[in-house]
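The structure under discussion appears below in the form of structure tokens.
The values are calculated or read from the model by the stated rules, or taken from the named source; none is laboratory data. Bear in mind that the values here come from a model prediction, so they are computed numbers and not experimental data. Glycine also receives a Cβ, built like all others from the backbone with ideal geometry; neighbour counts cover every protein chain displayed. Surface accessibility is based on the protein's heavy atoms, side chains included, excluding ligands, DNA and RNA. Shrake-Rupley method; radii C 1.70, N 1.55, O 1.52, S 1.80 Å.
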Amino acid sequence: MLRTRVLTVVLGAPPLLACLWYGGRVWAVAVALLAGAAAAEAVAMAEASRRLPAGVAAVLAGCLVLLLGGLVPLPLLLGATAVLLAVMILDAALYPRGVRAPAMLLGVLYPGLGLGHLVLLRQGAQGLGWSLFLLAAVWAADIAAYFVGLARGRHRLVPRLSPGKSREGALAGLLAAAVAGAVAAGPLLHRGAAVGVALGVGAAVAGMVGDLAESALKRAAGRKDSGRLVPGHGGVLDRFDSLAFAAPVLYWWKMLGGM
């Protein structure tokens, strides 16, 4: 299992990074494919939970093209993103007595809206640097949390949502993101280490919340994984759920904070 997990990352990361480096339509198409696959998995979970007809969910997911096509003003996009993420966080916090029907609806929408911010982040000023910083912080947190949790995890983080995640792993993930942020802030963002630590930890916290929010959706659907497209990781949504939350947070942090 571990070997498969590592092999998938080794083989999958270079093409993804190449698309990011090239940017433009290549990156937009790559993100669209990921978001489409993740949305398809969310549709399947919504159907399995009997909370939302799959056909309706697919139509709603397709409407996100309007947002990503720049037809919606940025303030409205910010509001839609904030409401969507807030409802999903609330649902995860209240699980199993959460707002299940709205959460499943939003669960179908959030892959496209969340991952779509990867395109927005890449298109902006210093887009490549910000995008690489995001990946460095989130991936550092994911890797540290996984391996430390596997080796030293004793206390469950949120047992009702994800029995496999530990407090020790979460703390290791935050520390790894802080270190990655401090190191990457200078060459990628031309900012100081303190700003890098704040941004790295912020992205890592958002990613962990996104992971737990997706766990709530899987629990409602009675699924262990969102799919099987990514060997060793489960589905596309399993692999990119952290980025679906962290990308909007970092993008709007940059846009509104002026950093």
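Given R₀ = 22 Å, what would the calculated FRET efficiency be for Ala86 paired with Ile143, taking r from the Cβ atoms and rounding to 0.05?
The formula returns an efficiency of 0.20 here.
Suppose the chain between His155 and Leu16 were pulled fully straight at 0.36 nm per residue; how much longer would it get relative to their current alpha carbon spacing?
Fully extending the segment from His155 to Leu16 adds 46.6 nm.
Taking the Cα centre of segment 132-259 as the origin and placing charges on Cβ (Lys, Arg +1; Asp, Glu -1), which of Leu134, Gly181, Ala151 is farthest toward the positive end of the dipole?
Selected residue: Ala151.
In the full protein assembly as shown, how much of Arg122 is accessible to a 1.4 Å probe, in Å² to the nearest 10?
40
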